[in-house]
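Participant: Pasting a structure here, questions to come.
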Amino acid sequence: MRDSDRRGTGWAAAGVLALVAALGVTGAVALTTREAPDVGVAPPAKAAPPAVPPAKPGAPNGDGAADAGDGSIPSARRLTPFDTGHSALGRLDPALLKAVQAAARNAKQDGVDLFVTSGWRSRGHQQRLLDEGVEKYGSLAEARKFVETPDGSKHVTGRAIDIGAADADRWLIREGARYGLCQIYANELWHFELREVRGGRCPVPLRDASR
Ligand SMILES: [Zn+2]
């Protein structure tokens, strides 16, 4: 009994050792070729490339991805009054922003989408627009009918906003007084500022920005 037991356990032990040896070798191979790289190198490499790097440089603050910080809005962008992560809206006079947001909500109920084509502008951005205007219209005098100087522009102080598209301009010209939003220049259907509204009517627009 004892002998056979011992022999039995002896054989069993030998068998286990042989198995362990066999497994040990293949296990070691498997570990070095498969698991070792995973544990040692892969996790940082795996976590980094797909997830973070492409997003970080381009999108520092979500919808402000294409924000140069000077209030300029690429023509491809369609900003709404609620995209306050963009400098054009984030640096707008808070009272004006609030009025435009309220108007946008009600316009939406009428089936009209309000887009912001320009809001706050840095002095540099305003000057660039004026320079482009001079080139486009041929003279400073002509350009000034459409573009203010950095000193004169209400965009630079965050107290003016340009709205599109045309249906939104028409809606806002018609309904804007309820929010204190008024068309200021007869030749700029898109440009709105806050005004004191008396008797539910905005002041009569000026002929153009040069007046
Ligand atoms: Zn404007």
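Participant: Ordering 108, 154 from largest to smallest accessible area (1.4 angstrom probe), what's the sequence? List each step's numbers first, then the result.
Facilitator: Numbers: 108 125, 154 85 Å².
Reading off the accessible areas and sorting them downward yields 108, 154.
Participant: Mind jotting down the distance between the C-alpha centroids of the stretch 92-110 and the stretch 140-211, whole Å?
Facilitator: When both Cα centres are located, 15 Å separates them.
Participant: Sticking with this one: Kirkwood Rh, the stretch 66-194, all Cα pairs: how many Å? Walk me through the numbers before you get to the answer.
Facilitator: Working: mean 1/r = 0.0682 Å⁻¹.
Across the stretch 66-194, the inverse of the average 1/r is 14.7 Å.
Participant: Quick one: accessible area per residue over the stretch 66-194, 1.4 Å probe, rounded to a whole number of Å²?
Facilitator: Details: 6130 Å² over 129 residues.
Ligands and nucleic acids excluded, the figure is 47 Å² per residue.
Participant: Measure off 7 Å from each Cα along the Cα-to-Cβ vector at residue 131 and residue 208, then give the distance between these two points in nanometres to one decimal.
Facilitator: The two pseudo-label positions are separated by 2.3 nm.
Participant: Report in % the part of the accessible area of the stretch 66-194 that belongs to carbon and sulfur, leaving out ligands and nucleic acids; probe 1.4 Å. Intermediate values should be presented prior to the final figure.
Facilitator: On the way: 3130 of 6130 Å².
Ligands and nucleic acids excluded, carbon and sulfur reach 51 percent.
The values are calculated or read from the model by the stated rules, or taken from the named source; none is laboratory data. Given the structure is predicted, the values throughout are model-derived calculations rather than measurements. Counting neighbours? That spans all protein chains shown, and the Cβs are built from the backbone with ideal geometry, glycine included. Note: areas computed on protein heavy atoms with side chains; ligands, DNA, RNA excluded. Shrake-Rupley method; radii C 1.70, N 1.55, O 1.52, S 1.80 Å.
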